[in-house]
Amino acid sequence: MLAVWSGRHAGHDPQHEVQFGERIPIYEVPARAEAIRAALEADGGFSLVGPRDHGTGPIEAVHDPAMLRYLEEAWRDWEALGRGGELVPHTVLHPGLREGMGPAAEPSTPAGRIGFWCFETMTPIVAGTYEAVRAAADVGLTAADAVLGGERAAYALCRPPGHHAARAVFGGYCFLNNAAIAAEHLVRETGEPVAVLDVDYHHGNGTQQIFWERGDVLYVSLHGDTRRAYPYFTGSPEETGAGRGRGATMNVPLPEGCSDDRYLDLLDRALEAVAGFPGETLVVSLGLDTLAEDPITDLALTLDVYPEIGRRVGALGRRTVVVQEGGYHLPSLGEGVVGFLRGVGGG
Ligand code: SP5
Ligand code: ZN
């Protein structure tokens, strides 16, 4: 199987995230991507290639161009103030602030701008962030090109991840929504509907928001029930899309301690929705943070289940782009990803 990756992810290397007012070591680290790459190489069944530069067009088809401009300028403008370290917001634009007064304009200072574009405190910007997020988007797009060129499946080792990034806001370790950018590229190139299946532990609020009113992109997600789990404000089963997108969003909340068997039963429901949706192209947002050992989540999946999840996804018979999202238990990441991909590929 073709696996696309870029070494430029390593420039996004913040040391901390701020959780509940505490500054703790960040979970989303470069070693994640290195562990996965090492496992793909050791396996021998993957050809690793670099990304092709797709420019800003496919990104701006999904995201507010002003947010992309902000990401490009953020670090330089912060440094120009004589600041360094890691750029994290100290205020964010809560909707209640301007209730009844119309939308805010983008502020012009670094302190104001980051709170305008970022929704939380766990997604710091550092010197290499912009290069890394542009590379991650290109990694996803290049994997999408591979299936457009006739590959049955391709893997995009994206880092930083993407599914929490919405059209005009970023957060959740995510800056640009690599899976949504790839999905939209596939819709435009094929003229056909595309399904997105999100198996990261967290609800892909960004992907859901981007395709909320789209009838030609299905979004189906299994995730820790957001009544207890991040990102808290989206992900309920009552959310099914709007306008032309009515019925093209499906959320399947998972209970705390969810076992392999229970997970596979719920996965089958999600896969039924994909099978009933037109089109022959699938994008999978793959997170390994569903694993029992993951340090930030609360399910009970074992490493043995990922090949079976992959096998059931592969049994849909659709050409498939697998995009890397989360997963924070470093010792298991490589085996989990390789197991899933071998399942998809029938290996
Ligand atoms: C892509 C992705 O997986 N993003 C995840 C972002 C989640 N970050 C916040 C999690 C806060 C939950 N608290 C965890 C407690 C750990 N003991
Ligand atoms: Zn996650």
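The values are calculated or read from the model by the stated rules, or taken from the named source; none is laboratory data. Predicted, not measured: the structure shown is a model, and the values here were computed from it. A quick note on method: Cβ atoms are made from the backbone with ideal geometry, for glycine too, and the neighbour counts reach across all protein chains shown. Just so you know, the surface numbers come from the protein's heavy atoms only, side chains and all, with ligands and any DNA or RNA stripped out. Shrake-Rupley method; radii C 1.70, N 1.55, O 1.52, S 1.80 Å.
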Read through the list (1) within 16 Å of ligand 1 (Cβ to nearest atom); (2) under 19 Å from residue 57 (Cβ atoms), then give the number of the only condition that residue 138 fails. (1)
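Which is surrounded by 14 or more Cβ atoms within 10 Å (Cβ to Cβ), assigned to a helix (DSSP H, G or I) and touching a residue at least 60 places away in the same chain (Cβ under 8 Å), of 35, 42, 31? Give the steps one after another, and end with the answer.
Values: 42 fails: surrounded by 14 or more Cβ atoms within 10 Å (Cβ to Cβ); 31 fails: surrounded by 14 or more Cβ atoms within 10 Å (Cβ to Cβ).
Answer to the selection: 35.
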Identify, by number, the condition in (1) under 28 Å from residue 191 (Cα atoms); (2) away from ligand 2 (no atom under 16 Å from the Cβ); (3) under 19 Å from the mean Cα position of the chain (by Cα) that residue 338 doesn't meet. (1)
Looking only at region 294-335, count every residue that is more than 14 Å from ligand 2 (Cβ to nearest atom), out of contact with any Asp or Glu (no Cβ under 9 Å at 6 or more places or on another chain) and part of a loop (DSSP other than H, G, I, E, B) and tell me the total. 2
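Taking residue 241 as the residue in question, decide whether it is touching a residue at least 60 places away in the same chain (Cβ under 8 Å) and touching a strand residue (DSSP E or B) at 6+ places or on another chain (Cβ under 7 Å).
It is false that residue 241 is touching a residue at least 60 places away in the same chain (Cβ under 8 Å) and touching a strand residue (DSSP E or B) at 6+ places or on another chain (Cβ under 7 Å).
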Residues 98, 37: which one is farther than 28 Å from residue 209 by Cα and of a type in the set (Lys, Arg)? 37
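Every residue, every condition in (1) open to solvent by 10 Å² or more (accessible area, probe 1.4 Å); (2) charged (D, E, K, R), yes or no:
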residue: 249; (1), (2): no, no
residue: 255; (1), (2): yes, no
residue: 262; (1), (2): yes, yes
residue: 293; (1), (2): yes, yes
Filter region 148-192 down to residues that are surrounded by 24 or more Cβ atoms within 10 Å (Cβ to Cβ), farther than 18 Å from residue 214 by Cβ and over 14 Å from the mean Cα position of the chain (by Cα), then give me how many there are. 1
Under 6 Å by Cβ, and 6 or more places apart or on different chains, what pairs join a residue from region 152-166 that is aliphatic (A, V, I, L, M) with one that is within 9 Å of ligand 1 (Cβ to nearest atom) and in a strand (DSSP E or B)? 165/174
